[in-house]
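Below is one structure, written out as structure tokens; the observations come after it.
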Amino acid sequence: MKNNAIEVLKHSGERAIFSIEKLKNSLRKSGAEEALVNEIANNVRDELYQGISTKEIYNRAFALLKKKKKGYASKYKLKKAIYELGPTGFPFEKFVGAILYYSGYDVKTGQFLNGKCVTHEVDVVAHKNGQYIVAECKFHSDEGRNCNVKVPLYIHSRYGDILNNYGDGNKEEKPNEGWVVTNTRFTEDALTYGKCVGLYLLSWDFPKDNGIKDRIDRLGLYPVTVSTLLSQREKQFLLSRDVVLCKQLIDDQFYLDHLGVSEKRKARILEEINILCQKS
């Protein structure tokens, strides 16, 4: 180990050398100014110890950022907010459907499509300009757990059965893209297999510059779980009513009234999510 180097424990159980530049880059993505990025990164670095977990580093940086500006803190906690769409994968399916909807697709979730052999329940079906997407979502509530090759293998077999039901006819009604979407990351084998068989893989940071995080930032489609002002109970209430996006809450503010939120607090919540929903 290098002199004065700090070993950190990652979610996966692996150990790595702490990189202040990685911490700074993650803070920059929240929109924080460079002076604030340096201030927080230096404060966190001064409190490190050997074997500290990346989770604790994140928590310390988040707490400091939240003190300065909640809007930055909300963006900084985006990845964690996606995990909070669990414990079931249903809100994540709705979230993926919403990303496609606001990208101009006609979208349906929880659809049943006939295969040649059996009927399949498909998480998301989307149409746009002749593009017919059949997407399966794999949600992990456990950070550090990636999608291995078994996932695209399984989904490819289901997608193939659906395609085989159409034969050579009904080309306009036949799906032409099979997607696998996860909130974590794909292993190298999963990526290789997906590319080989023609599946489109979408994860937190893949494809490069067009992963889930990039699409969220570009479209301003932040999940309600990203809010630093809503409690866990309030977030679960919203998710149970299929309100998965901050944008939906802006359009349907009456949900905050159902929660008994005071007018003063309601104004603060709406101010926070309006800032978040501004497109990059």
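The values are calculated or read from the model by the stated rules, or taken from the named source; none is laboratory data. This structure is a prediction, so every number in the text was calculated from the model and none was measured. All Cβ positions, glycine included, derive from the backbone under ideal geometry; neighbour counts span all protein chains shown. Note: accessible area is taken over every heavy atom of the protein model, side chains too, but ligands, DNA and RNA are not part of it. Shrake-Rupley method; radii C 1.70, N 1.55, O 1.52, S 1.80 Å.
Quick notes on this one:
- Residue tally, condition on the phi < 0 side of the Ramachandran plot and surrounded by fewer than 18 Cβ atoms within 10 Å (Cβ to Cβ), over region 35-57: 15
- Filtered residues of region 7-21 (kept if of a type outside the set (Ser, Thr, Tyr) and either surrounded by fewer than 13 Cβ atoms within 10 Å (Cβ to Cβ) or touching a strand residue (DSSP E or B) at 6+ places or on another chain (Cβ under 7 Å) (or both)): Glu7, Val8, Leu9, Lys10, Gly13, Glu14, Arg15, Ala16, Ile17, Phe18, Glu21
- Residue count, region 77-95 (criterion: over 16 Å from Asp142 (Cβ atoms) and either over 21 Å from the mean Cα position of the chain (by Cα) or open to solvent by 30 Å² or more (accessible area, probe 1.4 Å) (or both)): 3
One line per residue, one yes/no per condition, for (1) within 17 Å of Ser227 (Cα to Cα); (2) of a type in the set (D, E, K, R); (3) assigned to a helix (DSSP H, G or I):
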residue	(1), (2), (3)
Ser12	no, no, no
Gly31	yes, no, no
Asn38	no, no, yes
Tyr58	yes, no, yes
Lys66	yes, yes, yes
Pro87	no, no, no
Phe92	yes, no, yes
Val96	no, no, yes
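- Just one of (1) surrounded by 17 or more Cβ atoms within 10 Å (Cβ to Cβ); (2) in contact with a Leu (Cβ under 7 Å, 6 or more places away or on another chain) fails for Tyr159. It is (2).
- Sole exception among (1) open to solvent by 20 Å² or more (accessible area, probe 1.4 Å); (2) not in a strand (DSSP E or B) for Gln111, by number: (2)
- Residues in region 157-197 that are among the small types (Gly, Ala, Ser), under 26 Å from Leu85 (Cβ atoms) and either at pLDDT below 95 or outside any helix (DSSP H, G or I) (or both): Gly178 alone.
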